[in-house]
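Readers should treat all values here as calculations from the given coordinates under stated rules, not as data from a laboratory. It should be emphasised that the depicted structure is a prediction, and the values quoted were computed from it without experimental measurement. Cβ atoms come from the backbone with ideal geometry, glycine included; neighbour counts cover every protein chain shown.
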Amino acid sequence: MFRARSLARGLGVAVCLLLAATFSVSVVAALSPVSTVSWTWIGGETGTNKYGKYGTLNQTSPESVPGGRQNPAAWVGSSSLVYMFGGFGIGNTSFGPLNDIWKFNLTSLEWTWIGGPPEANKPGVYGTLGLGSPANIPGSRFQSAYWQTDEQHFWLFGGTGYDVNSNFGALNDMWLYGTGSGVWTWVGGNETINASPDYGPKDVFGPFYNPGARSGAAFWLGADGLFWLFGGENGVYGYLSDLWSFNSVTFEWAYRGGSQLVNQPGNYSAPGVANNSSAPGARGFSHTWTDFEGNLWLFGGLGYGNSTALGQGNLNDLWVYNISQSVWIFIAGNTTIKNPGSYGTLGDVSPTSYPGARDSGVSFVDSFGNLQLFGGEGFANTSESFGNLNDLWVFDITLGQWAWINGSQSADALSVYGVLNESDPSVVPGGRFGPALWNTSGTDPILFGGFGYSNTSFGYLNDVFALSETFFTPTSTPTPTSTPTATSTPTFSATASSTATSTITATVTSTFTLTPTPTSTPVCTNEICGSPEQYTNQDACEQVGCCFNAQTNACTLKSVSAACSAVPVTQRVPCGWSYIYPDECTAIPGCCWQPTANGILAPWCYYDIDHAPQASVALQEVQAPVPVCPSPGAQRQPCGNAGINQFTCYAQGCCYDSQAQNQWVQNGKQQSDFASNLYCFQPEKTCAVGEFERQPCSNALNQNQQLNNNINSSQFVRLLNTVLYGEQHGTQRTSYPPQQCL
């Protein structure tokens, strides 16, 4: 069952604008947010299967270099240093899993061997749980999960390798490495292979809960400070689809959801639609990102698509997990396995462009918040073109579309090295899977090794490439037209011109008429945006798509199309997802964006109910007063995660006060704990407050439980569930008599 593949990060298919509606739409390709791409070969060797040159421990030398390998762990340190541990490859004389640790200086471009044996296939030395020792070291391994809490403390979990008894299999041990001391500490998990998981109650942290042995799991560092882990291969029975988080302060795991069975198919909703039953299928060797909003993104891997896709195979579906709402959202891509990519025109963002199904590439978030993916093993531009890839892709979150920006459309491309330390447009790493990637600044990632192609041969690589990119803002956005056509089967046609633009037309069955996607004009009205004095700074006002007058500090609504402004708040049906932004909203055909005024809580991104897909209820009861914050100086309790935006804040039944700044207090917390956003709070509890934010006086709940209750009993969320999932979900509600208001 074990596969010598990487645990990395990647991207998915972009057709999410063609969702939840039937219509005819014309979309013109836009330029990629990445303007230029340049690779430079900065170290290592140009051949394959090279032995490591270790030199003297802790002494830097121009001749020192790790041997070729795939699937190591990689961390970014301080002072232009990056670190690497283990992987599957070649030591000084032997071949197999490794447990050596190296650092690479990005200034001098020199390697230093700083720990672990130079030989392969070594057992772990665990010592005493929780106590570091110079003698401690994880056993040789590859395909581990890894995180870092800062530039001096690195974490390692599981993988495939050797336990304390030299037995080979899947691992579930957690380790902490300190760069200052050079010491490893075993902090959790088993010393032996193939340990079973201990799930415990959902969302409860405990010292005895553990994900069990696995390799190739997807992993993220959450904005909440937790280490997140999804799926992987357990080495005995197959692929997993459970979700976990680890608290690096208490050293405790919590099971957060997903199936506890192996080899389960995915449950796909319509793209972009939040659904509590949606979840990715079991898989390993996927690609991950944490975006600037703290959402966890997942692409592809090797595993299971929907229930009609028999067996396992490479995937190219794109998902996002919202931590605050504990929900998976399918964003784009195929729901089946083994799909080739659609490359389109180099450098163009297009709804018809997307990467092929793959696993074991690498991924990173660039400095503008775009998701980028390189290489892996999978499908290039045809179903017959399977192999090692070297294509580079970018996913524009705002447009919800992919662009191919570098590399080959074919599998198994050779490396082009050029001259050492000299950039050239022709330089590019060859097709490979399982490399290491260090994202040092968001614009200049470093790539090492993997298994694939040099300029002359195929095997384990130890070359080092630097990627440099420049960026510009896309200027084109989708322009939909409303032309319902009564046909029975979707048909697509694409044409490309010499000006690198393309047009896609979809004609499908229509049982209703969509209004055109509105386009906001820069004309400002005199109507207050949101509640009076809600937005008194320019950033908060403009973030919600309103006009800010610096002279009067007034935040007012922008004028929108007649079709949108004619929709009363009682006829608004939610469109998109709970954390959607104005530009994302208006990119969805048929959706309007306009904040409400006069203290009315209603969807800001919305369809007209007469033209909304799946709409079956009127939304009169969605009107409710905007939640009121306790007065400054009172005991204000922050709501949600640090960095929560005002849209998600309201959707959770909480209040948003952009004037709050330093005027809140929470027992046991420091202001710095919520320094990235001080504006979202538990609302004031009075009988004048709408039903959706009331709680019984007898409730004694912790913050997470209270947040969940707020979400579940919110009118806004309940009605959103009704529209998206049907009447039976919308009618689930909790009512409290007036005397039980807090």
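Size of segment 115-192 from its Cα atoms: along the principal axes, largest to smallest, the extents are 31, 24, 22 Å. Normalised by the number of residues in segment 25-471, the average gap of Cα pairs under 8 Å and 6 or more apart makes the relative contact order 16 percent. Projected label points at residue 542 and residue 292, each 7 Å from Cα along the beta carbon direction, are separated by 1.3 nanometres. Note on segment 25-471: dipole from Cβ charges, positive end direction compared against 259, 436, 42; the farthest Cα belongs to 259. Sorted ascending by nearby beta carbons within 10 Å, beginning with the fewest, 51, 535 become 51, 535. In loop segments of segment 166-215 as defined by DSSP, the chymotrypsin sites (Phe, Trp or Tyr not before Pro) with at most 11 further C-beta atoms inside 10 Å of their C-beta are 208.
Mean projection of the Cα convex hull over all viewing directions, computed for segment 25-471: 19.5 nm². Once the chain from residue 80 to residue 94 is taken as fully extended at 0.36 nm per residue, the excess over their C-alpha distance is 2.0 nm. Mean separation of Cα pairs under 8 Å and 6 or more residues apart, divided by the residue count, gives segment 261-403 a relative contact order of 20 percent. Here residue 549 and residue 166 are evaluated by their C-beta separation; at R0 = 56 Å the FRET efficiency comes out at 0.20. Separation of segment 374-427 from segment 87-134 is 30 Å, based on Cα centroids.
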